[in-house]
Amino acid sequence: MLRRLLLTAAVSATAALSWAPGATAATPAATATTATTATNGDTPGVAAVPLASPSGLSGPSASRAALAGLTAFTGGPSSLFSALPALMPPPARPEDSSDRLTVTVAGAGAGADGTFELDCHPAGGTHPHAAEACDRLDRMTTWGKDTFAPVPPDALCTMEYGGPATAHITGTWAGRPVDARYDRSNGCEISRWNALMPVLPGTRP
């Protein structure tokens with residue numbers, strides 16, 4: 001009778017331990033197979049790192065121990081994250097990606113003067129050569145450079161007069177505001193004007 005009571009008590013204690021929160025398997029084999037592995041994904045040169053939970057630890061304690069092991073292996077958090085591929089920048093906001101310009105031309109000759117709206121991507125507006133003008137702007141646009149930059153103050157320009165034509169371009173291009181003025185008062189300004197054709201019209205002498 002006493003032996004049966006002792007056996008019953010042992011079975012009850014085992015069941016209680018199996019239902020206790022955070023309880024772990026008591027066998028060495030189960031402890032040895034409990035591990036967290038950090039893999040390198042598609043990043044070459046970063047080996048998989050097995051992180052076995054220390055015996056007797058579970059829940060948050062085991063997680064902290066695994067993280068400490070990963071940090072020690074990789075040389076710190078900065079080394080771990082430097083091995084990951086760089087993230088691409090977020091896409092431009094819709095209000096920053098609208099390419100819409102107003103081109104005002106005066107003194108260029110009959111049929112060329114006036115104010116024209118130029119929309120790109122897709123091409124449209126009242127500009128007489130919208131598709132060609134948008135294509136020209138796309139080919140002139142380079143990251144980090146101002147497509148509508150003025151002539152540098154220290155530029156050496158020929159004393160050449162190209163006529164009284166002037167132009168003023170305002171609006172937004174490639175997410176940046178535009179407020180640029182053009183004329184044909186010397187060789188540099190003539191080249192700057194011609195480079196932007198057909199956004200700006202050809203002129204008659």
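Read-outs: derived from the displayed coordinates by stated rules, not from any lab. None of these values were measured; they are calculated from a predicted model. Glycine also receives a Cβ, built like all others from the backbone with ideal geometry; neighbour counts cover every protein chain displayed.
Distances between placed amide hydrogens fall under 5 Å for Gly125 paired with Asp119, all partners being 5 or more residues away or on another chain.
A simple spin-label model places pseudo-atoms 7 Å from Cα toward Cβ; at Asp154 and Asp113 they are separated by 3.9 nm. Database remark: amide H of Asp99 closer than 5 angstrom to the amide H of Cys120 (H placed geometrically; neighbours at sequence offset of 5 or more, or on other chains; Pro and chain starts carry no H). Ranked by how many other Cβ atoms sit within 10 Å of their own Cβ, fewest first, the residues Met159, Met197 fall in the order Met159, Met197. A straight chain from Ser191 to Thr142 at 0.36 nm per residue would run longer than the Cα-Cα distance by 15.8 nm.
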